[in-house]
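K.L.:
Take a look at the following structure, please.
The values are calculated or read from the model by the stated rules, or taken from the named source; none is laboratory data. Owing to the predicted nature of the structure, the values given are computational and were not obtained by experimental measurement. Glycine gets a Cβ as well: all are built from the backbone with ideal geometry, and neighbour counts include every protein chain shown. The area values use the complete protein model at the heavy-atom level, side chains included, leaving out ligands, DNA and RNA. Shrake-Rupley method; radii C 1.70, N 1.55, O 1.52, S 1.80 Å.
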Amino acid sequence: MAFGFAPYSAASMSASSMRTERSADSVNRPTRLLEPAEWAAAGIPLLRNPREVVSGLHTRHRPIPRTAVVAVLDPEERLRASASFVRRESATDGWTFRNALLSQLRRVIPHDLRRRTPVRTAVLLYCREGDTRWTEEDGAWMWGLRDACTLHGLRCGAYITMTRDGWQVLGEGRAGRRPSVGSVAEALGRGEASAAPRTGGAATEVLRRAAAR
């Protein structure tokens, strides 16, 4: 009696290869993100003057590509605190972004979890390469911002992208050419300078050292 093994069929190899590709794709794709339609349906409050907010954050933090600037606004849309950091993670996932944003918020402003209704709003400005169209990276930042706001007792506000072509409030369609990535920062107005909101992050630390020289 003879024993032998059947040859590994091409069909089996093909099926195994497809499973491997699907598995790799599921790992590489962000698992926590918001699509534009989901963001639009979330009832995000509109900024009364988005250009003023964007210009103020651009002047304070001088963001470069892959820099995130999270800011907290009071009910009158005055800046109360802000922080900036450069994204260093290779993975694009809302969970990771949520943790990074929450860490920055805890550094610059106390939480409002004791309030029944949030009174302050957090907005996020993210600088990146490419055009202004929505990307999965944007969706992951949206998810992260919404979750970080919930855990810090804040209202989730606008998500703004800035590229070399200008800035855009995603989900609203409001945009402008200036400021943009690489553009010269505008001078702060007297009202903004006198308010002296708390700021933090690598970009603001560079500015402090430059001013001290």
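K.L.:
Just checking, how many residues over the range 96-119 are open to solvent by 20 Å² or more (accessible area, probe 1.4 Å), within 24 Å of Glu52 (Cα to Cα) and either at pLDDT below 95 or part of a loop (DSSP other than H, G, I, E, B) (or both)?
P.N.:
2
K.L.:
From the list Leu73, Leu125, which residue is out of contact with any Phe, Trp or Tyr (no Cβ under 9 Å at 6 or more places or on another chain), of a type outside the set (Phe, Trp, Tyr) and open to solvent by less than 20 Å² (accessible area, probe 1.4 Å)? Quick ask: steps written out before the conclusion?
P.N.:
On the way: Leu125 fails: out of contact with any Phe, Trp or Tyr (no Cβ under 9 Å at 6 or more places or on another chain).
When all the criteria are applied, what remains is Leu73.
This table checks each residue for (1) touching a Cys at 6+ places or on another chain (Cβ under 6 Å); (2) at positive phi; (3) hydroxyl-bearing (Ser, Thr, Tyr).
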{"site": "Thr96", "(1), (2), (3)": "no, no, yes"}
{"site": "Ser103", "(1), (2), (3)": "no, no, yes"}
{"site": "Arg107", "(1), (2), (3)": "no, no, no"}
{"site": "Leu113", "(1), (2), (3)": "no, no, no"}
{"site": "Arg120", "(1), (2), (3)": "no, no, no"}
{"site": "Tyr126", "(1), (2), (3)": "no, no, yes"}
{"site": "Asp138", "(1), (2), (3)": "no, no, no"}
{"site": "Arg146", "(1), (2), (3)": "yes, no, no"}
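K.L.:
Please count how many residues of the range 142-172 are touching a residue at least 12 places away in the same chain (Cβ under 8 Å), assigned to a helix (DSSP H, G or I) and farther than 15 Å from Ala37 by Cα. Step through it out loud before you land on a result.
P.N.:
Keep residues of the range 142-172 that are touching a residue at least 12 places away in the same chain (Cβ under 8 Å), which gives 142-149, 151-172.
Imposing the further condition that a residue be assigned to a helix (DSSP H, G or I) reduces the set to 142-149, 151-152.
Next, only the ones that are farther than 15 Å from Ala37 by Cα stay: 144-145, 147-149, 151-152.
Within the range 142-172, residues that are touching a residue at least 12 places away in the same chain (Cβ under 8 Å), assigned to a helix (DSSP H, G or I) and farther than 15 Å from Ala37 by Cα number 7.
K.L.:
Quick check on the range 52-61. Is at least one of its residues assigned to a loop (DSSP other than H, G, I, E, B) and either on the phi > 0 side of the Ramachandran plot or out of contact with any Cys (no Cβ under 9 Å at 6 or more places or on another chain) (or both)? Steps first, please.
P.N.:
At the first step, the residues of the range 52-61 found to be assigned to a loop (DSSP other than H, G, I, E, B) are none.
No, there is no match, as no residue in the range 52-61 is assigned to a loop (DSSP other than H, G, I, E, B) and either on the phi > 0 side of the Ramachandran plot or out of contact with any Cys (no Cβ under 9 Å at 6 or more places or on another chain) (or both).
K.L.:
Let me ask something else about it. Taking the condition of being modelled with pLDDT under 95 and closer than 21 Å to Pro75 by Cβ, how many residues in the range 120-143 meet it?
P.N.:
0
K.L.:
Within the range 81-94, is even one residue in a helix (DSSP H, G or I), open to solvent by less than 20 Å² (accessible area, probe 1.4 Å) and either out of contact with any His (no Cβ under 9 Å at 6 or more places or on another chain) or at pLDDT 95 or above (or both)?
P.N.:
Going residue by residue through the range 81-94, those that are in a helix (DSSP H, G or I) are 94.
Those left that are additionally open to solvent by less than 20 Å² (accessible area, probe 1.4 Å): 94.
Then drop every residue that is not either out of contact with any His (no Cβ under 9 Å at 6 or more places or on another chain) or at pLDDT 95 or above (or both), which leaves 94.
Checked against the condition, which is being in a helix (DSSP H, G or I), open to solvent by less than 20 Å² (accessible area, probe 1.4 Å) and either out of contact with any His (no Cβ under 9 Å at 6 or more places or on another chain) or at pLDDT 95 or above (or both), the range 81-94 yields at least one hit.
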